[in-house]
Amino acid sequence: MRLALFALVLLFLGTFLRADTFDLGFEIPSGSPSPLYCTLTHAGSGPGAQGWAFGVTAENASIAGLTVAGTQAAALFNAGFVYTRLTTGPGNEGAVEAVVLSFTLPITLPTNANSRIAVIGLAPGGAGGFVTLRYVDGLKAESSAPTACTVTQDGSSISPSRAVKTFEIAPCTTLHVGFSTERLSSLEPFAGILGEKGSAAGAEIVTASGAATIFANIISELASGGVQGWSLSIGLSGDAELASVTTDGTGAAPFPDGFRSGGFERTEIVDPARNGGKNGVVSAVVLSLEPNAHLRPVGTESVLKLDVLLSSPSKRELSAALSFKDGLTGTGQPVSNLLTVEDDDRLPCNFATASVTLKSTRVPFLRGDSNGNGRVTISDAIHTLGHLFLGSHPSPECSKALDSNDDGAVNISDPLYTLRFLFLGGPPIAAPYPSCGNDPTVDGLGCESFSACE
Ligand SMILES: [Ca+2]
Ligand SMILES: [Ca+2]
């Protein structure tokens, strides 16, 4: 009896003190799957939310972006705190947000109202199907504590209810990106694109010299119209650096070589210091200020040429990867991977997965040792001259060894350089010399094998 009374009092107090409710929900605009909104709904007689934190996951899709920009929360924000991050790793894929509207002013979200508090961008998947969004506790962004779903009302923490929402997204089929080792310009989608079934996923190329020229491509399968312009943000990770990037010699070049007629073009290698240590390139192109200028509605078109050099002071096996990564910053603002079709933003279906891995094995060699016998002598100068002018030794296994002056080319200067060094007091042969080693400077010459240095 006493217990029942106690429970009743608790219930009564609870109803009184905890009359307000907060609900985390989703707003999925019909027709278009993107953008999607996270909402916070308040009901009750107390004040609205001063702040909140939540984690959100997507099943059968991946969250590519989460921001407060463009929401009621952003409009009310005044000298507070905003934290939004994507979270990665098994069981931890999603995004987190934490907001305090103001540290100094009594700002809250509207009472008894539904407010947008975040915009979610889903990475477009190829297949389409049913996607489920849910709020979860415990997602963890790098170096921060796990995030619990909570709302702050009048200085106190309240646990909100959490919606789960399942909706269907259409398959993404019309626009893709991919990499190739040659300039592509054809009416055939995916022809020449690296990777499994031309999907550009899992592509790998091996370069003997450590230098590689890679083209980024736009693949169109549109019913009408065509890609009028684009912004690309491509990251380079691993043992490599970018030597150059250009739209010259691609479909983004001025007519007649490419499709551009005036318009706008800005392409640059990003400064790692402005990008959290990340390497990459950004490129923005508008083919013409006339609305009807565009790439072919159906076809494959190279739009960017990247020269990559694999290098490392010590490693023998070198590996690097190029992939489309939103958010690299050149001279201007952070760049997203976006295509423009019929004056509207379109996302390439596979920009989250398109990548190419570059590999190179460095073979130790002895520079100047043209005939590969482990010593540099007059015979090497004669051997190189024979290769250059007499058709003997047509395909050396280690071209780098012939390049005595290490200028990245094998020509008459090299045997002369060797002879000057050996007999006329000329400057020494460049490293690796006088003992075996790796080429300290990357160039376009290869070295498949060099038995004298094994
Ligand atoms: Ca030799
Ligand atoms: Ca040379």
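A few comments on the model shown:
- Exactly one residue out of SER314, SER283 is of a type outside the set (D, E, K, R), part of a loop (DSSP other than H, G, I, E, B) and either closer than 14 Å to THR340 by Cβ or modelled with pLDDT under 95 (or both), and it is SER314.
- 3 or more residues touching a residue at least 40 places away in the same chain (Cβ under 8 Å) and more than 26 Å from LEU36 (Cα to Cα): qualifying strands (runs of 3 or more DSSP E) within segment 153-229: 175-180, 203-206, 211-221
- Pair list, Cβ < 9 Å and 6+ apart or interchain, from segment 353-367 residues that are within 27 Å of PHE324 (Cβ to Cβ) to residues that are within 16 Å of ligand 2 (Cβ to nearest atom) and not hydroxyl-bearing (Ser, Thr, Tyr): SER360/ALA211
- Here GLU241 passes the criteria (1) within 30 Å of PRO396 (Cβ to Cβ); (2) in contact with a Phe, Trp or Tyr (Cβ under 7 Å, 6 or more places away or on another chain); (3) not small (Gly, Ala, Ser) except the one numbered (2).
- Lone unmet requirement of (1) at pLDDT below 95; (2) buried (at least 16 other Cβ atoms within 10 Å of the Cβ); (3) part of a loop (DSSP other than H, G, I, E, B); (4) not charged (D, E, K, R) for GLY48: (1)
- Evaluation of ALA409 against the conditions (1) among the hydrophobic types (A, V, I, L, M, F, W, C); (2) buried (at least 19 other Cβ atoms within 10 Å of the Cβ); (3) within 14 Å of ligand 2 (Cβ to nearest atom) shows that the sole unmet condition is (2).
- Hey, LEU109 closer than 20 Å to ASP23 by Cα and assigned to a loop (DSSP other than H, G, I, E, B) or not: yes
- Complete set of residues in segment 150-200 that are among the small types (Gly, Ala, Ser), more than 30 Å from THR132 (Cβ to Cβ) and crowded, with 17+ Cβ neighbours inside 10 Å: SER180, SER185, GLY192, GLY198
- Among the residues of segment 240-270, the ones that are charged (D, E, K, R) and under 16 Å from the mean Cα position of the chain (by Cα) come to 2 in all.
- Pairs where the first residue, in segment 391-412, is touching a residue at least 12 places away in the same chain (Cβ under 8 Å) and the second is among the aliphatic types (A, V, I, L, M) and away from ligand 2 (no atom under 13 Å from the Cβ), C-beta under 7 Å, 6+ apart: CYS398/VAL363; ALA401/LEU366
- When VAL164, VAL151 are checked against the criterion of being under 17 Å from GLN50 (Cβ atoms) and aliphatic (A, V, I, L, M), VAL151 stands alone in meeting it.
The values are calculated or read from the model by the stated rules, or taken from the named source; none is laboratory data. What you see is a predicted model; the values in this text were computed from it and never measured. Cβ sites come from the backbone with ideal geometry, for glycine too, and all protein chains shown count toward neighbours.
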